[in-house]
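The values are calculated or read from the model by the stated rules, or taken from the named source; none is laboratory data. The structure presented is a predicted model; accordingly, all values stated were derived computationally and were not measured. Neighbour counts run over all protein chains shown; Cβ positions are idealised from the backbone, glycine included. These area figures cover heavy atoms from the full protein model, side chains too; ligands, DNA and RNA do not enter into them. Shrake-Rupley method; radii C 1.70, N 1.55, O 1.52, S 1.80 Å.
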Amino acid sequence: MLHRTLLLATLFAALPAFAQTAEVKREVAGNRTSENIPPIPAELLEQLNRYQNTRGAGVAGWTKDGCLLISTRFAETAQVHRVCQPLGMREQLTFYPEPVSGITPSPARASRDGFVFAKDKGGDEYSQLYWFDAQTRATTLLTDGGRSQNGGTTLSADGGLMAYSSTARNGTDRDVWLRDTRTGATRLLVDAGGSWTPLDFSPDGKELLVMRYVSAAESHPGVVDVASGKLTLFPVDGGKAAFGGFAFAPDGKTVYFVSDEDAGGKPQEFKTLRHHDLASGKLDMLSAGIPWDVTGFAIAEDGRHLAYVTNEDGIGKLRVLSLPGHKEIRLPALPVGLIGGLAFSPDGKRLAIGINSATSPSDAYVIDLAAATLTRWTRSEVGGLDASKFVAPTLVRYPTFDQVNGRQRTIPAFYYKPMRPARNGKYPVVISIHGGPESQSLPTFNPTAQYLAGEMGVAVLVPNVRGSSGYGKTYLSLDNAGKREDSVKDIGALLDWIAQQPELDASRVGVIGGSYGGYMVLASLTHYSDRIRAGVDIVGISHFGTFLANTENYRRDLRRAEYGDERDPAMNAVFERISPLNNAHRIKSPLFVAQGRNDPRVPWTEAEQIVKAVRGNGQPVWYLLYADEGHGFAKKANSDYYTAATMLFWQTYLLND
C-alpha cells in the first residue's frame, strides 16, 4: 500500500504542469507516434508488468491424431500451438509477427493432415489464407496475396473441397469461392452481390450451405449446388430474421440452424436452435424453452451428438444432445463463465471447449461424453498474480429514461467493485462501453479491469446499453438510425445511478470505449462533460458522414444497415446533428485518443479530426497512433504501451485533485 501511495503522489506532483501546456509535444519512436503523452514512470511500468503478462488459450479444434490445436500468445502475437495431453507442453506451430486467426483443422476423413489459417499485415484486415501441412510443417499461400479480404473457411468432410469468402472479385462484395485442395484449382461459386459466407458442406460434398449477411437483425440463408453453382435461397418466415450457425445433419437431408425467425407465424424474440426437414418442411424448436440466445453449436463428425451454448444474462450454458433423438445427455459440472470453441474429437467421444471467466483467462477443457467427466488441458498464466484477489463483477440493472410495457426500462451492467477500502471514502469510476454496436459486454477475464480495481482502487462499470445483442431483437433495434442518441442517454442514466450509490464518487467518473464504443465516449463527453472528468477513445467514430465515406468498400453497406444511409438527406441531417466532431466545442474534459494507422473499419482520419477539434477548445488531448496496427492493438508491445499510457491518463485526470 505504501509503495502505491508513493507512486501516485509522485505522479500527481509531476504531471499537472505538463497537462496545462498548450503546445503539442510529439514523439516518434519507431512505429509509434505519440502527442502530449508524458514519459511513463518506471514504477507504473513495473506495477503493470504482471497484469500485462497474463495470457489465455482458445480452442481451435483437434488434429487427426487426437491433439488439441489452440491459439495463445507466448511472444508478441497469438499463434497456433498443439497440446497432446492434459496440461501438456504447448508446442508452437506458427511463428509470425502478425497474429494468426481463422484456424480450421482438416476433417478426420481427409487424406491430408493440417489446418488452414488466416493472417493479415499490420492490422489492415486483408487477411490471406494459408495451409499448414502437419507432416512437412510447410506453409502454402492459398489466396491471391493482394488487397483482398479472405475468411470463413469451410472444408468438405473428405477435405477435398475448401469454400471461403473473399472480396477478390471487386473489393466490395464478399463472394463465395471454391478450391479443390487436391489440384489447387479455384473458381467463383457465388457472386450474387453483398456479403456471403460459406457455412457447411453436405456429407457427400455435393451441396454447400451459404448465407448473405445484411445486418445483425437480417441474414438470408441458402444452398448451392456445387457442380452447377445454382443458388437456392430458403424462405424466411416473416420475411426478415437473424441467423447464426447453419449445418447439415449427419443424414444430409435435414439441417440444424440458429435463428430468431418467426415460427408458425409467431414472432420470436431470441435466437433458438432449430431442426428443419427440407423435404417435409417439419420444424422442431430444440431450445424453445430457453429465453436466451443460442450463440453457437457443433455436430460431431460421427453424427452421434450435437453441442450448443446459450448466453444467459452473460453466462454461458452448455447442453449436448444425442442424435437423432435430440435427448439431452448428462454433463459434468462446469466452471461458471463463458463457453466457446466447441470441437468434437475425431472419434466423437470427447468435446473440447474453452472456458473464460472474469477471474480466470480462457483455457481448454475436454469432456468425456460417456463418463461425463471434465479434464483441464491448459492452465494459462496470470502473470504470477494471486488470482484469489481478482474481482468478480456483479450484475446490476439501473433505470433509464423510458419505459417498456408500462414499467421503467432497466439497463444491465457488470460492476467491478474494488475489494480494498476507498480513498477518501468513495471509489472513482471508469465506465467501459463496448463497440459494435451490435455486440455485448461479457464478464470475461480483463487484466486492465483487474488492475483498475485491484491496484488503483477504481470501480469499473460495464453497461450493455440499448442496441446491445444478447437481450432479444427488440432491445437490439432500440438504437437504430435516428434513435442513435438514445443509447447515449443510457450513459446519462448510468451517471444518475452512480450519483445515488454511497460508495461511488460521482465527481470522478471517466469513460472509455473502442470503435463504436469510442463514438459513445465522444458523444457522452459532448452531452455530459460537466459530469465526466476524462475520456479515452480507441479507434472511435467522430463523424458518421466521414466514417461512411472513408470506411473500406466492403463494409459500407453493412454499416449503413445499422447506422443509417448518409445519402438520405433526412438521415444525413441526423448525422450532422449528432456527430461528435460537429459538437466538439462541448467537450470540456481531457481526452485521450488512440488509433491504428491501417484501420480499414474506422479510418485513422476519424481520430485526427477529433484530436484537432478538441484541442481547439483548449482541452488537454493525448494522441497515440501506431503505424503497424489496425482496428485495435494486436501486438503485445503496442498494447502494453497503450495500456500504460491509459493508466497514466486516469491517474492524471481522474484521480488527481
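Against the conditions (1) assigned to a helix (DSSP H, G or I); (2) small (Gly, Ala, Ser); (3) closer than 20 Å to GLY470 by Cα, SER388 satisfies every one except (3). Filter the range 166-176 down to the residues that are touching a strand residue (DSSP E or B) at 6+ places or on another chain (Cβ under 9 Å) and closer than 12 Å to GLN149 by Cβ, then identify the one that is surrounded by the fewest Cβ atoms within 10 Å (Cβ to Cβ). Ranking the qualifying residues of the range 166-176, first place goes to ARG169.
The criterion of at least 2 residues that are surrounded by 17 or more Cβ atoms within 10 Å (Cβ to Cβ) is met, among strands (runs of 3 or more DSSP E) falling completely within the range 186-255, by 186-190, 195-201, 207-215, 218-225, 243-248. Considering only the range 567-584, state which residues are crowded, with 21+ Cβ neighbours inside 10 Å and of a type outside the set (S, T, N, Q). Across the range 567-584, the qualifying residues are PHE575, PRO580, LEU581, ALA584. The condition (being modelled with pLDDT under 95 and over 19 Å from VAL236 (Cβ atoms)) is satisfied by just one residue among GLY151, GLY160, GLY205, GLY146: GLY146.
One residue alone among ALA499, ALA561 is within 23 Å of GLU218 (Cα to Cα) and of a type in the set (A, V, I, L, M, F, W, C), and that residue is ALA561.
When the range 119-159 is examined, which residues are found to be touching a strand residue (DSSP E or B) at 6+ places or on another chain (Cβ under 7 Å) and among the β-branched types (Val, Ile, Thr)? Scanning the range 119-159 gives THR139, THR140, THR143, THR153, THR154. The criterion of being open to solvent by less than 10 Å² (accessible area, probe 1.4 Å), under 17 Å from SER487 (Cα atoms) and hydrophobic (A, V, I, L, M, F, W, C) does not hold for ILE587.
Of the residues PRO418, PRO412, PRO437, the single one that is part of a loop (DSSP other than H, G, I, E, B), open to solvent by less than 10 Å² (accessible area, probe 1.4 Å) and closer than 25 Å to GLU562 by Cα is PRO437.
Restricting to the range 446-469, and then to whatever is hydroxyl-bearing (Ser, Thr, Tyr) and in contact (Cβ under 8 Å) with a residue 60 or more places away in the chain, can you tell me which residue is most open to solvent (accessible area, probe 1.4 Å)?
Within the range 446-469, the first condition is being hydroxyl-bearing (Ser, Thr, Tyr), and the residues that meet it are 448, 451, 468-469.
Narrowing further to those that are in contact (Cβ under 8 Å) with a residue 60 or more places away in the chain: 448, 451, 469.
On the way: THR448: 48, TYR451: 1, SER469: 32 Å².
Looking at residues that are hydroxyl-bearing (Ser, Thr, Tyr) and in contact (Cβ under 8 Å) with a residue 60 or more places away in the chain, I get THR448.
One residue is enough: does the range 260-268 have a residue meeting the conditions closer than 23 Å to ALA343 by Cα and either among the aliphatic types (A, V, I, L, M) or part of a loop (DSSP other than H, G, I, E, B) (or both)? No, the range 260-268 contains no residue that is closer than 23 Å to ALA343 by Cα and either among the aliphatic types (A, V, I, L, M) or part of a loop (DSSP other than H, G, I, E, B) (or both).
Would you please name the residue that is farthest from the chain's Cα centre (by Cα), looking only at residues in the range 340-349 that are open to solvent by 20 Å² or more (accessible area, probe 1.4 Å) and closer than 15 Å to ALA60 by Cβ? Outline the logic, then answer.
To start, the set of residues in the range 340-349 that are open to solvent by 20 Å² or more (accessible area, probe 1.4 Å) comprises 340-342, 344, 346-347, 349.
If we keep only those that are closer than 15 Å to ALA60 by Cβ too, we end up with 340-342, 344, 346.
Values: GLY340: 13, GLY341: 14, LEU342: 17, PHE344: 24, PRO346: 28 Å.
Only one residue fits best here, namely PRO346.
Considering only residues that are open to solvent by 40 Å² or more (accessible area, probe 1.4 Å) and among the basic types (Lys, Arg), which ones fall in the range 256-285? Across the range 256-285, the qualifying residues are LYS266, LYS271, LYS282.
Do we find that LYS317 is within 18 Å of GLY58 (Cα to Cα) and open to solvent by 40 Å² or more (accessible area, probe 1.4 Å) in this structure? Here the answer is yes, as LYS317 does meet what is asked. Among the residues of the range 587-643, the one identified as of a type in the set (Val, Ile, Thr), over 29 Å from ARG147 (Cβ atoms) and part of a strand (DSSP E or B) is VAL621. For the range 365-374, a tally of residues being exposed (fewer than 15 other Cβ atoms within 10 Å of the Cβ) and either under 27 Å from the mean Cα position of the chain (by Cα) or modelled with pLDDT under 95 (or both) returns 0.
Taken over the range 392-401, the criterion of being open to solvent by 30 Å² or more (accessible area, probe 1.4 Å) and more than 16 Å from VAL460 (Cα to Cα) is satisfied by PRO399, PHE401. Check ARG597 against each of (1) under 22 Å from the mean Cα position of the chain (by Cα); (2) buried (at least 20 other Cβ atoms within 10 Å of the Cβ) and name the one condition it does not meet. Just one mismatch for ARG597, condition (2). Checking the range 508-516 against the condition returns a match, with at least one residue being more than 24 Å from the chain's Cα centre (by Cα) and not small (Gly, Ala, Ser). The number of residues in the range 26-65 being touching a residue at least 12 places away in the same chain (Cβ under 8 Å) and assigned to a strand (DSSP E or B) comes to 10.
Hey, does the range 136-152 have a residue that's in a loop (DSSP other than H, G, I, E, B), in contact with a Lys or Arg (Cβ under 6 Å, 6 or more places away or on another chain), in contact (Cβ under 8 Å) with a residue 12 or more places away in the chain and buried (at least 19 other Cβ atoms within 10 Å of the Cβ)? Give the derivation first.
Residues of the range 136-152 that are in a loop (DSSP other than H, G, I, E, B), as a first pass: 136-138, 142-149.
Still in the running and in contact with a Lys or Arg (Cβ under 6 Å, 6 or more places away or on another chain): none.
No, the conditions are met nowhere in the range 136-152.
The requirement of being in contact (Cβ under 8 Å) with a residue 24 or more places away in the chain and open to solvent by 10 Å² or more (accessible area, probe 1.4 Å) is satisfied by SER507.
Checked against the criterion of being among the aliphatic types (A, V, I, L, M), free of Cβ contacts under 8 Å to residues at least 40 places away in the same chain and open to solvent by 60 Å² or more (accessible area, probe 1.4 Å), the range 352-364 contains not a single residue that satisfies it.
Looking only at residues of the range 101-127 that are outside any loop (DSSP other than H, G, I, E, B) and at positive phi, we find that the one that is surrounded by the most Cβ atoms within 10 Å (Cβ to Cβ) is GLY114. All conditions in (1) more than 16 Å from GLY454 (Cα to Cα); (2) open to solvent by 60 Å² or more (accessible area, probe 1.4 Å) hold for LYS426, with the sole exception of (1).
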